[in-house]
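Structure, as structure tokens:
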Amino acid sequence: MAAYVVRRLASAAVLLFVLSLVTYAIYFKIPSNPGMYIIGTPHPTPAQIEAANHKLGVDQPVVVQYLKFADRLLHGNLGKSYATGEPVLSIIRSDAPVTASVVVGGAVLLILASIVLGIISAQRGHTRLDWVVSSLPLLGIALHPLAVGLILRSTFSKHLQLAPGGGYCSLMGGGGCSGPEHWLSHLILPWITFTLFLLPLYVRMVRTRVLETLDEPHVMVARGKGAAERRVIGLHVMPLVLPSLAAMLAMDAGAALTAAIYIEVAFGLPGLGSDALFAQQGFVGFDLPVITGIVMAIAATVIALNAIADIIAVRLDPRLEIGRGVTGLR
Amino acid sequence: MSPAGFPAAAGAGVEEPVVAATSQRVMVLRRLRHDPVAIVSGALLLFILLGVFAGGPIAEHLLGHGPDDIFLGSVPDGLPVGPLTHVPNHDQAYQHFDGTTLFVLGADGYVGRDELMRLLYGGQASIEVALGATLVAMLIGVTLGGLAGYFGGVLDAVVLRAIDFVMAFPIILLAIALGSNATGWLGSLTAGGLLRPGVPGLAVFIGLATWFYPARIVRVQVMSLREQEFVEGARMVGASHRRILLTHLLPHLTGPLVVYGTIVFATNVILEASISLLGVGIQLPNPSWGNMLSTNFGTLINLGSSEYTPPTIWTAIFPTVAILVTLVATVTFGEQVRRALDPRAR
């Protein structure tokens, strides 16, 4: 077990290193003329370009540049926004809770919905209800989350007046609106949007796993001893289905955060996704430090989540150690 | 017909009953032919492809204007006209007005282009990107997944780490970051004029981001296949690794790959839309379903405002419905093919 944890953490560290290389390349190497990003005028003199390049440090050898970049990263310095001069780290620190609220809350709703629908679908196998439950969510993947978000927002907050019109209220303290009830009411529609985006695949997965598990000998024994259907599903089937669900969720963390970008925009939530979009659409052009900082933060989070999910899975089922944790098996 | 080497008539005058072996391919096709859902979704898919690739030029010929032609008369009072509107024709200098031309689905927004034409030509771009990206993803995924599953060891470990990395990377943000630098270069590629501008670059980019999905599937499949007797048999008679992989293992993978291909395709259509929506994929004025959605998106980005009204609901609905119908048809057809390949599977 200890050896596995070390190995898994080491591979996560390697991934983080590669991540820093890619980010560095986007930041300094791919722009043909990086100095232009910090010069205010559209037609600078050669001297201005040289000064800007010197300021960014891109006139030094590549290895030196990368080491400086990595050194700053290790000290938590992600640079400053070109647009506002605010440190990127403080932008991330203030807006990450919004994104986390959307993704974590959405994931909880997703798990609940996929378990309920998956079990219904499995128990009514090959009936019309099963068909409806497993086909309807198709609309979820076939519609862009931005479109779903806009439809929900205009239906429920504009026309039916059942939900607030968008924006974010923090869970605890600060700002004009805050507290659990405001937080919840502002996030329900984003959560539903999030759930619809991933639901179809999850319902199908739960359905298949439940049907598979129902054929296992231990379920037959439980049935033979006269266990009620509810008890069979709850006690003998679900414990075997849940780990696959958790593993799938860890793997989809990247896709989930991508969806979160569009959901934040659709509902006007000031999270990391909207930050990245504004950085792209700002008046000064692309705000590269903000974009790469957010890429770093999100990718690092996903890598960490996957490592944790693998370690927990191996802890629960030591047989997996021989392979490489659940993330490799789907 | 009697098996070779056996005399045709063992018993005088009695014909042997002929039982032709049915190949897997024939059985799958037969099952698909008897499956109404497969027929409907397949026909719909064919209709979309024909409509977009043949219908685009035909409609351009019939209506007399293209996807990039601007008609000032189509945005009276600053709002685009609705479906089935006749819009005044004019020349380049906006001096001479001559009759009207029909905008079947209305105008596309403030600029004043025909929504229908942009939908058809945008569909070409979106489908080309998604198909190309799927090909790239399948090529990389099958190669890496197959080699990793077959050889195992260090190669397997490296491929798995690569999969982890691609999975962890927020592709949309990467597109934004790259788009800020490489848009001009990506947007100008056309693969020798064969594809619409921006398509090859974007297709490769999306393919590089979605190959992990087929790779994982192929790896697991190959891992279980390589332990089977027929592979052992092939190895025993001295077949090379190359021969085992290509002639013994690959045929077992084609069925599942077609099915997973449809899912990757669906994902890629959404990704194209997501990236072009942000203005870093297919560049205006070239249409794509993604940047058509952005007509709405442009007015959207006023954060925190609860009073949001789209300029006209049509410009959002048409590309959304086009994507929806295409994806539902593709995924449904793939699912029916999966069932036809393995009728017992649930």
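When the residues of the range A:124-147 are filtered to those that are more than 9 Å from every other protein chain (Cβ to nearest Cβ) and within 11 Å of A:Leu199 (Cα to Cα), the one that is modelled with the highest pLDDT is A:Val133.
Here is the figure for the range B:1-29: residues that are modelled with pLDDT of 50 or more, farther than 30 Å from B:Gly334 by Cβ and surrounded by 10 or more Cβ atoms within 10 Å (Cβ to Cβ) total 1. Scanning the range A:225-266 for residues that are assigned to a loop (DSSP other than H, G, I, E, B) and more than 9 Å from every other protein chain (Cβ to nearest Cβ) gives A:Lys225, A:Gly226, A:Ala227, A:Ala228.
The residue that is nearest to the chain's Cα centre (by Cα), among those in the range A:205-256 that are among the charged types (D, E, K, R) and surrounded by fewer than 18 Cβ atoms within 10 Å (Cβ to Cβ), is A:Glu212. Pairing each residue of the range A:233-245 that is without any contact (Cβ under 8 Å) to a residue 60 or more places away in the chain with any residue that is surrounded by fewer than 17 Cβ atoms within 10 Å (Cβ to Cβ), provided the two are 6+ apart or on different chains, yields C-beta distances under 8 Å for A:Leu235/A:Ala227; A:His236/A:His218; A:His236/A:Ala227; A:Leu240/A:Glu216. Taking the criterion of being out of contact with any Ser or Thr (no Cβ under 8 Å at 6 or more places or on another chain), away from every other protein chain (no Cβ under 14 Å), under 23 Å from B:Phe165 (Cα atoms) and in a helix (DSSP H, G or I), would at least one residue in the range A:267-279 satisfy it? For the range A:267-279, residues out of contact with any Ser or Thr (no Cβ under 8 Å at 6 or more places or on another chain), away from every other protein chain (no Cβ under 14 Å), under 23 Å from B:Phe165 (Cα atoms) and in a helix (DSSP H, G or I): absent.
Checking the stated criteria, B:Val104 turns out to be within 27 Å of the chain's Cα centre (by Cα), modelled with pLDDT under 75 and surrounded by fewer than 16 Cβ atoms within 10 Å (Cβ to Cβ). When the range B:271-313 is filtered for residues that are at pLDDT below 70, surrounded by 21 or more Cβ atoms within 10 Å (Cβ to Cβ) and within 9 Å of chain A (Cβ to nearest Cβ), the ones remaining, listed by number, are B:Asn296, B:Phe297.
Across the range A:285-299, a minimum of one residue is classified as on the phi > 0 side of the Ramachandran plot and modelled with pLDDT under 80.
The values are calculated or read from the model by the stated rules, or taken from the named source; none is laboratory data. Given the structure is predicted, the values throughout are model-derived calculations rather than measurements. Cβ: placed from backbone, ideal geometry, glycine included. Neighbour counts: every protein chain shown.
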